[in-house]
Amino acid sequence: MKAFLLAAGLGTRLRPLTEHTPKCLVPINGKPLLAYWLELMEQHGITEVLINLHYLADQVRDFLNDHSPAKLSVVLFDEPELLGSGGTLRENKHFVDGESDFFILYADNLTNIDLSAFYQFHKAKGQVFSMALNRVDNPSSCGIATLSQDDIITSFVEKPAHPTSNLANAGVYIAKPEILDLLPNKPITDIGYDLLPLLSNRMAGWQMTDYLIDIGTFDNLRKAEQEWPQL
């Protein structure tokens, strides 16, 4: 199975740390975030991953040259100008030609999510798209899903002023290639704003119980370093 790992973010909220280190290589307890993702994908049988590069791309390339995964083939996609999460998918539709399903993963997160369990859920639901969800205390700052009793997402709103639930987008998806045809052809295309609202009642929501934190702020980075070794 293949995966997209979206890793081209600038990490502006982590400056000055990210002035010389790309966000995906920020260390958590001495180990780069990207290393955790490579291990997680290998653990759950992903065989090929496409990683997009932009900011300090040479550092990411050098890291991958020095830490080549044994069971995971890595394809790199350079973005001289950022395309947005949806734009990266649109410009690499060929990567998942012939696949029945593929993962979409956000490298901003530190997680031990059970990708295998999530995939089994996705297959059982039979939808074109599945989204991992986690409960949050601040739903107005997240993409929020409304979930039916049979785990179908009936609506999705990015950072709603009046949230209908506290089930937040965890940034881990499984999709069928046909959804890529829905992405608009514009310079910057975002999955949350441009794709997910089109998939209401066509995507399943999996309520994860695993650890997940966006390390994009210093508060969260410190929190991750305190919590992660205890898992």
Sorted largest first, extent of the chain alpha carbons per principal axis (Å): 45, 39, 34
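Gain in length, Thr217 to Gln120, computed as 0.36 nm per residue apart minus the alpha-carbon separation, to one decimal in nm? Could you put the intermediate results ahead of the total?
Values: separation 97, 0.36 × 97 = 34.92 nm, distance 3.24 nm.
In short, 31.7 nm is gained.
Pairs Lys176/Lys223; Lys31/Lys125; Lys23/Lys93; Lys31/Lys186; Lys23/Lys125; Lys2/Lys31: which exceed 31 Å Cα-Cα?
Cα-Cα > 31 Å for Lys176/Lys223; Lys31/Lys125; Lys31/Lys186; Lys23/Lys125; rest within.
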Met203 long-range amide H proximity, modeled H, under 5 Å: Ile153
Distant alpha-carbon pairs in the range 142-231 (separation over 19 angstrom), percent: 50
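Assuming R0 = 45 Å, can you tell me the calculated FRET efficiency for the pair Ser148 and Glu79, based on Cβ-Cβ distance, to the nearest 0.05? Could you put the intermediate results ahead of the total?
Working: r = 36 Å, r/R0 = 0.81.
FRET efficiency, Ser148 to Glu79: 0.80.
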Cleavage-rule hits (GluC sites (Glu not before Pro)) in the range 1-99: DSSP loop, at most 12 neighbouring Cβ within 10 angstrom: Glu81
Gain in span if fully extended, Glu225 to Leu10, counting 0.36 nm per residue against the direct Cα distance: 75.3 nm
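Given the chain, what percent of its DSSP beta bridges are antiparallel, to the nearest 5?
Numbers: 23 of 43 bridges.
Approximately 55 percent, going by the DSSP bridge assignments.
Laboratory data are not the source of any read-out in this text; all were calculated from the coordinates shown. Computed from a prediction, not measured in an experiment: that's the story for all the values here. Backbone-built Cβ (ideal geometry, glycine too); neighbour counts: all protein chains shown.
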